[in-house]
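Chemist: Below you'll find the structure I mean.
The values are calculated or read from the model by the stated rules, or taken from the named source; none is laboratory data. Given the structure is predicted, the values throughout are model-derived calculations rather than measurements. Positions of Cβ are backbone-derived with ideal geometry, glycine not excepted, and every protein chain shown enters the neighbour counts.
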Amino acid sequence: MVKDIVERMIQEHLGGWVFWGGVFGGIIGLIKTLVFLKRSLTIEIISVNKGVNSSNL
């Protein structure tokens with residue numbers, strides 16, 4: 001009973017916020033992943049160019 005009331009309230013009043021929160025959260029997560037991936041690859045390339053073993057970083 002309470003679960004039904006809460007679900008209905010979320011659908012009626014917060015549905016848009018939940019949807020857009022998921023969308024923007026996903027975008028932020030994707031950007032963060034790409035930034036850290038690029039950073040990791042940059043460090044790896046610099047290490048290879050200097051002859052440094054990446055396991056020592």
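Chemist: With respect to Lys3, is the statement that it is modelled with pLDDT of 85 or more and among the basic types (Lys, Arg) true?
Modeler: So Lys3 fits the description; yes.
Chemist: List pairs: first residue in segment 18-40 and without any contact (Cβ under 8 Å) to a residue 40 or more places away in the chain, second residue among the β-branched types (Val, Ile, Thr) and surrounded by 10 or more Cβ atoms within 10 Å (Cβ to Cβ) anywhere in the structure, Cβ distance under 8 angstrom, at least six positions apart or on different chains.
Modeler: Between residues of segment 18-40 that are without any contact (Cβ under 8 Å) to a residue 40 or more places away in the chain and residues that are among the β-branched types (Val, Ile, Thr) and surrounded by 10 or more Cβ atoms within 10 Å (Cβ to Cβ), the close pairs are Val18/Ile10.
Chemist: A further question on this structure: If I filter segment 37-49 for residues that are within 15 Å of the chain's Cα centre (by Cα) and at pLDDT below 90, do I get at least one hit?
Modeler: Yes: one or more hits.
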